[in-house]
1. Could you list all residues from the range 31-66 that are in contact with a Phe, Trp or Tyr (Cβ under 9 Å, 6 or more places away or on another chain), surrounded by fewer than 18 Cβ atoms within 10 Å (Cβ to Cβ) and within 18 Å of Ser93 (Cβ to Cβ)?
2. Do you know which residues across the range 86-143 are of a type in the set (Asp, Glu) and under 23 Å from Leu12 (Cβ atoms)?
3. Is one or more of the residues making up the range 96-107 in contact (Cβ under 8 Å) with a residue 40 or more places away in the chain, of a type in the set (Phe, Trp, Tyr) and surrounded by 12 or more Cβ atoms within 10 Å (Cβ to Cβ)?
4. When the range 6-18 is examined, which residues are found to be in a strand (DSSP E or B) and either within 15 Å of the chain's Cα centre (by Cα) or within 21 Å of Arg152 (Cα to Cα) (or both)?
5. Can you name the residue in the range 70-81 that is touching a Ser or Thr at 6+ places or on another chain (Cβ under 6 Å) and within 25 Å of Gly157 (Cβ to Cβ) and is also surrounded by the most Cβ atoms within 10 Å (Cβ to Cβ) among such residues?
Amino acid sequence: MPDITTNGVVHLLSAPTAVCPHVEWTLTSVLGPGDPVDWRDQPAEAGTVCAELHWSAAQGSGARLASALRRWPGLRFEITEAPSAGVDGSRWSHTPELGVFHATTDVSGNIMVSEERIRYAYESGGGDPTVLVHELSLALGEAWDDELEPFRRAAAGAPVRWLHRAG
């Protein structure tokens with residue numbers, strides 16, 4: 001039975017420059033040889049770089065790549081894998097502080113939360129709406145989005161504004 005090929009995108013949102021050769025080796029070992037990585041300075045964090053890579057490889061390569069990349073210190077990334085024959089799409093988000101978040105996605109990239117996860121959130125809440133909201137926030141990966149958003153914006157060329165609490 002032939003391997004089913006799918007495609008996706010790796011957003012390397014923040015990588016310490018010393019880790020870049022290791023990240024490139026990891027990409028090649030999981031996805032096979034491809035175009036060289038075009039690293040750019042990451043304005044959201046001094047001393048780091050960012051890159052974006054489109055890939056085409058066997059189904060499940062996104063999961064293998066997320067597992068391999070999470071080992072490198074200081075690396076922030078997102079990986080998407082498009083839906084393919086018999087398999088939903090996926091998104092993995094990683095930060096050094098939070099680790100890996102995985103979500104199933106639809107054809108448009110929307111996170112799909114399973115019935116079981118919604119039931120768990122509802123039952124965990126025990127009638128307390130703040131617990132329900134917290135559980136749904138976890139299911140949607142909002143903590144990862146909050147932490148990664150400044151890096152996404154800066155990688156896309158948007159200005160970065162850091163707010164600091166005074167007093």
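1. Within the range 31-66, Ala63 is the sole residue that qualifies.
2. Within the range 86-143, Glu97, Glu142 qualify.
3. yes
4. The answer is Asn7, Gly8, Val9, Val10, His11, Leu12, Leu13, Ser14, Ala15, Pro16.
5. Looking at the filtered set, the residue picked out is Arg76.
Quick note: the coordinates plus some simple rules give every number you see, no bench work behind them. Here the structure is a predicted model, which is why all the values come from computation and not from measurement. Ideal geometry is used to build each Cβ from the backbone, glycine not excepted, and the neighbour counts take in all protein chains shown.
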